[in-house]
Amino acid sequence: MYTDPIADMLNRIRTAQMVSKKVVDIPFSKEKYSIAECMKNAGFVENIAKKKKENLKYLRVYLKYNENNEPVIQEIKRISSPGQRIYVKSKELKKIRGGAGISIISSSKGLMTNREAKEKNLGGEVLCEVW
């Protein structure tokens, strides 16, 4: 049992990229799937897939590398944690690394990137930043 499953997911991705793995398996949850989906739509991961082995569901994330075999994700950082939730209003949403990165927001309309939240005029909890 993890106290912060999202931080565990981000750590697994970070660690896999440090050793140049192509895929990483993460225990499945709908929230983690939505986070991975946001990262895929923003172009930070190649693909994602739901898998099942025996009775355990897991999420397979296919990591993305550039032509020099460097990871596309330079940094992945947890912002809000179970002990300290960080909320922002839509007007307080900022660009990450001059627009090169994204932050993933948990809003009343579901998980989305900071760009989508700004367009829809929604605020919410800032889960993580990726650049």
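Give the residue that is surrounded by the most Cβ atoms within 10 Å (Cβ to Cβ), with candidates limited to residues of the range 59-94 that are of a type in the set (K, R), at pLDDT 95 or above and out of contact with any Asp or Glu (no Cβ under 7 Å at 6 or more places or on another chain).
R78
Kindly indicate whether K30 is at pLDDT 95 or above, basic (K, R) and within 13 Å of the chain's Cα centre (by Cα).
Against the criterion (at pLDDT 95 or above, basic (K, R) and within 13 Å of the chain's Cα centre (by Cα)), K30 qualifies.
Among the candidates L127, L56, which residue alone is surrounded by fewer than 14 Cβ atoms within 10 Å (Cβ to Cβ) and under 21 Å from T3 (Cα atoms)?
L56
The values are calculated or read from the model by the stated rules, or taken from the named source; none is laboratory data. What you are looking at is a predicted structure, and each value in this text was computed from that prediction instead of being measured. Ideal geometry is used to build each Cβ from the backbone, glycine not excepted, and the neighbour counts take in all protein chains shown.
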